[in-house]
1. Taking 0.36 nm per residue of separation and subtracting the Cα-Cα distance, what length does fully extending Asn68 through Asp16 add?
2. Against the longest principal axis of the chain, how steep is helix 76-85, in degrees 0 to 90 to the nearest 10, with axes from Cα atoms?
3. Going by amide H atoms built from the backbone, whose H comes under 5 Å of the H on His29, apart from near neighbours?
4. Quick check of the Kirkwood formula: for segment 14-85, what is the inverse mean of 1/r over all pairs of different Cα atoms, in Å?
5. In nm, what is the difference between 0.36 nm times the number of residues separating Glu76 and Thr40 and their Cα-Cα distance?
6. Treating only the Cβ of Lys, Arg, Asp and Glu as charged (+1, +1, -1, -1), what charge dipole size does segment 8-66 show about its Cα centre? Round to the nearest 20 debye.
7. Hey, what did the chain get for relative contact order, percent, Cα under 8 Å, at least 6 apart?
8. What are the lysines whose alpha-carbon lies under 22 Å from the alpha-carbon of Lys8, with same-chain residues fewer than 8 places away excluded?
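Coordinate-derived values only; no laboratory data. For clarity, every value in this text was computed on a predicted model and none was experimentally measured. In this analysis, Cβ positions are derived from the backbone assuming ideal geometry, glycine residues included, and neighbour counts consider all displayed protein chains.
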Amino acid sequence: YLNLNGSKLKRVTLKDMILEQAGMSMVEHSDISIENCNFTKSEWIDTKMNGLDLSDSQVDGIMVDPENLRGLTVNEEQAVAFAELLGLNVRKLF
């Protein structure tokens, strides 16, 4: 339940942290490293995600502004979830 809303984060490493339902809205960031964190149901409203890499983190139920996703790095499974968040209907072939 960490609340970082409105924070300015510079040269920060988030590693092996449980940040479920964290408030990450209106965060300004630069030089952030994120490794193996759990952001389940966290809120990233009004936060530009450019330059962030969430590919080895859990993001189930994450709340984001679709217009702020540009430049975010995710893995293939997460890409499907974010595509659905954007309103795409994703047909699974397998």
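1. Details: separation 52, 0.36 × 52 = 18.72 nm, distance 2.43 nm.
Extra length from Asn68 to Asp16 when fully extended: 16.3 nm.
2. 90 degrees
3. Leu9
4. 12.0 Å
5. Details: separation 36, 0.36 × 36 = 12.96 nm, distance 1.72 nm.
Here the answer is 11.2 nm.
6. Details: 6 positive and 11 negative charges, 47 e Å.
With Lys and Arg at +1 and Asp and Glu at -1, about 220 debye.
7. Relative contact order of the chain: 21 percent.
8. Lys41, Lys48
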